[in-house]
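Please read the structure below before turning to the comments.
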Amino acid sequence: NEVSNINSCIGKTIKINGLNYSKDTTFSIKYKNQVSCDSIIEYRLKFYPTYQKTVQQSICIGQKFQNITINQDTIIHLKLSSISGCDSIVDVEISAIQKFITKMKTQICSGTTYNGIVITKDTILTKTLASSQGCDSIVIDTIKVLPGLQMTTSMDTVINPGSAVTLFASGANQYAWSTGSTSASIVVRPTTNTIYTVTGTAGNGCTQQVDIAVNVNACVVTAPTYFTPNGDGSHDKWKLKGTECLTEFT
């Protein structure tokens, strides 16, 4: 006896002894061998299915799928062989994801650091970003550089205790002092070393900040313990030292 396993695909036929078979079955046929002895062959027929499946996939425009460049939504038919050798059809429905191009207009003041870059003249910055679908998007940023503000201000100064000094700034449209004043000049009378900050704003919105230091002299008044006004030219006058700090003397 002999067993013969024959495989095929559903939809096809297997022809044995003039008969066509198209579904799974098992049968035996008796044959006469060369010496006229009976021989039995058992046939085991197996028909495997073919598959047809639809899948969906998103691809960025310009990318390739199965060596095909995708520029629009499309359906690609793929004929694949299963492990049984039967052809299967897979329809791939491809959604073409559009690249986004965003245009921006930005105004900055000259010398300002923008995205880590010091910009001194009009320029265009192009950035490539990944969208939520993973496709690259382009951001085109047109940058207009506005003239920076150049104020003129008081210099650092030294005063005596109790003295007043006027600090000023010019060249801006608006001013804001650390004292709260919004005028172009302020009068201050500090008793200790103090730094005053003025922030100027130009008509185009650009700003500049300047620190002005006002240091106060240490007031030390000293006087001689004696004098000899006898006209001999030695210690004839009694004189205080450090009187520049005094505002009244009797």
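The values are calculated or read from the model by the stated rules, or taken from the named source; none is laboratory data. Note that the structure is predicted; figures quoted are calculated from it, not measured. Glycine also receives a Cβ, built like all others from the backbone with ideal geometry; neighbour counts cover every protein chain displayed. Just so you know, the surface numbers come from the protein's heavy atoms only, side chains and all, with ligands and any DNA or RNA stripped out. Shrake-Rupley method; radii C 1.70, N 1.55, O 1.52, S 1.80 Å.
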Any residue that is modelled with pLDDT under 90, more than 26 Å from GLN63 (Cβ to Cβ) and in a strand (DSSP E or B) - is there at least one of those in segment 119-136?
no
Filtered residues of segment 4-43 (kept if open to solvent by 80 Å² or more (accessible area, probe 1.4 Å), outside any loop (DSSP other than H, G, I, E, B) and touching a residue at least 24 places away in the same chain (Cβ under 8 Å)):
ASN5, ASN7
Screening ASP91, ASP141, ASP87 for residues that are within 30 Å of TYR51 (Cβ to Cβ), at pLDDT 85 or above and charged (D, E, K, R) leaves only ASP91
Give the residues of segment 56-100 that are in a strand (DSSP E or B) and of a type in the set (Val, Ile, Thr), sorted by residue number.
ILE59, ILE68, THR69, THR74, ILE75, ILE76, ILE89, VAL90, VAL92, ILE94, ILE97
In the list ASP156, ASP141, ASP122, which residue meets the criterion of being acidic (Asp, Glu) and surrounded by 15 or more Cβ atoms within 10 Å (Cβ to Cβ)?
ASP141
How many residues does segment 193-209 hold that are of a type outside the set (Gly, Ala, Ser) and open to solvent by 50 Å² or more (accessible area, probe 1.4 Å)?
5
Any residue in segment 102-113 that is touching a Phe, Trp or Tyr at 6+ places or on another chain (Cβ under 9 Å), within 30 Å of GLY205 (Cα to Cα) and open to solvent by less than 90 Å² (accessible area, probe 1.4 Å)?
yes
Is it fair to say LYS46 is out of contact with any Gly (no Cβ under 8 Å at 6 or more places or on another chain), open to solvent by 100 Å² or more (accessible area, probe 1.4 Å) and on the phi < 0 side of the Ramachandran plot?
no
Being modelled with pLDDT of 80 or more, open to solvent by 40 Å² or more (accessible area, probe 1.4 Å), assigned to a strand (DSSP E or B) and over 30 Å from ILE138 (Cα atoms): is that true of LYS53 here?
yes
Which of the residues spanning segment 27-69 are in contact with a strand residue (DSSP E or B) (Cβ under 6 Å, 6 or more places away or on another chain) and among the hydrophobic types (A, V, I, L, M, F, W, C)?
PHE27, ILE29, ILE40, ILE41, LEU45, PHE47, VAL55, ILE59, CYS60, ILE61, PHE65
Looking only at residues in segment 57-88 that are of a type in the set (S, T, N, Q), without any contact (Cβ under 8 Å) to a residue 12 or more places away in the chain and within 26 Å of SER137 (Cβ to Cβ), which one is most open to solvent (accessible area, probe 1.4 Å)?
ASN67
Within segment 210-250, can you find the residues that are outside any loop (DSSP other than H, G, I, E, B) and open to solvent by less than 100 Å² (accessible area, probe 1.4 Å)?
VAL210, ASP211, ILE212, ALA213, VAL214, ASN215, VAL216, THR222, THR243, CYS245
Being aromatic (Phe, Trp, Tyr) and in contact (Cβ under 8 Å) with a residue 24 or more places away in the chain is true for just one of TYR226, TYR175. Which residue is that?
TYR175
